[in-house]
Amino acid sequence: MRYIRPVTPSSTEWSTRHSVQAVARRTAALVNALSDEEPTPGVIAELLREHGEVGSVDLSPSDVAEMRAAAVLLREVFAAAHVDVAASLLNRLLRQSLGTVRLTSHGGLTPWHPHLDSDDDAPWGEWFLASSCMALMVLIWDHQRPPGGLCASSSCRNVYLTQGSGLPRRYCSRRCATRERVASHRRSRAAR
Ligand SMILES: [Zn+2]
């Protein structure tokens with residue numbers, strides 16, 4: 001007798017589109033895009049679609065301004081070098097900015113998943129902060145380590161997610177890691 005039905009690609013999609021990892025990846029990508037000098041609603045809407053938002057994404061300049069304010073708060077959590085600091089920063093955000101936890105399926109359109117914003121139609125800035133805090137909170141719960149970090153390259157302001165169980169990560173991307181390695185090689189040769 002089988003109690004567990006085999007997982008088909010479509011049911012995987014149904015259950016993982018809203019997974020913690022997917023939301024965390026979206027959080028990091030949005031924090032980085034919103035930290036640009038002047039992120040446009042078009043660029044942010046495109047990023048939201050890349051990360052699973054469906055239908056028309058209607059963002060105004062004031063929505064983007066609110067999302068930018070949320071990104072500043074979330075960046076502090078990524079900057080925390082110790083899990084205790086990340087946890088207390090998140091606790092402060094949860095206390096000051098967010099509602100009580102509830103489950104929603106968006107009227108049956110999505111799998112049931114938790115929300116911390118006040119309503120399914122909450123403003124974009126509130127939704128971004130709430131969904132990001134939820135994901136970062138679960139990552140801390142799950143791994144007992146800081147959920148992410150800031151790129152160690154002095155010419156980069158990106159955040160990244162802590163991944164796997166190997167060596168601690170220092171750069172947001174292979175591109176930054178390579179650039180820094182080349183630069184340090186040049187410096188050591190010049191010093192000789
Ligand atoms: Zn970087």
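For the chain, which whole-number percentage of the solvent-accessible area (1.4 Å probe, protein heavy atoms only) is attributable to carbon and sulfur atoms?
Details: 6670 of 12160 Å².
Answer for the chain is 55 percent, counting heavy atoms of protein chains only.
Add -39500 (n - 2.57) for each DSSP H run of 4 or more in the chain, then divide by its residues: what number comes out at 222 nm, to the nearest 500 deg cm²/dmol?
Mean residue ellipticity at 222 nm (helix-derived): -18000 deg cm²/dmol.
Can you tell me the orientation of helix 61-79 relative to the chain, as the angle in degrees between its alpha-carbon axis and the longest Cα principal axis, to the nearest 10?
60
Give me the Debye-computed log₁₀ of I(q)/I(0) at q = 0.08, 0.09 Å⁻¹ for the chain, equal point scatterers on Cα only, no solvent, two decimals.
-0.31, -0.39
If you stretched the chain out fully between Ala69 and Gln144, how much longer would it get, using 0.36 nm times the residue separation minus the C-alpha to C-alpha distance?
In short, 24.3 nm is gained.
Go through Arg68, Arg170 and list them by solvent-accessible area, largest first, probe radius 1.4 Å.
Arg170, Arg68
Counting only heavy atoms of protein chains, what accessible area per residue, in Å², does the chain have with a probe of 1.4 Å? Display every interim value, and only then the final one.
Details: 12160 Å² over 192 residues.
Ligands and nucleic acids excluded, the figure is 63 Å² per residue.
Please list, by residue number, everything in region 145-160 whose backbone N is under 16 Å from a paramagnetic label point 7 Å out along Cα→Cβ of Arg186.
Zone members listed by number: 153-156.
In degrees between 0 and 90, to the nearest 10, how far off the longest principal axis of the chain does helix 124-143 point, with axes built from Cα atoms?
80
If DNA, RNA and ligands are ignored and the probe is 1.4 Å, what is the ranking of His113, His185 by accessible area, most exposed first?
Ranked list, largest accessible area first: His185, His113.
Cα-Cα pairs above 13 Å in region 133-192: how many percent?
66
The values are calculated or read from the model by the stated rules, or taken from the named source; none is laboratory data. Keep in mind it's a predicted model, so treat the numbers as computed, not measured. Positions of Cβ are backbone-derived with ideal geometry, glycine not excepted, and every protein chain shown enters the neighbour counts. The area values use the complete protein model at the heavy-atom level, side chains included, leaving out ligands, DNA and RNA. Shrake-Rupley method; radii C 1.70, N 1.55, O 1.52, S 1.80 Å.
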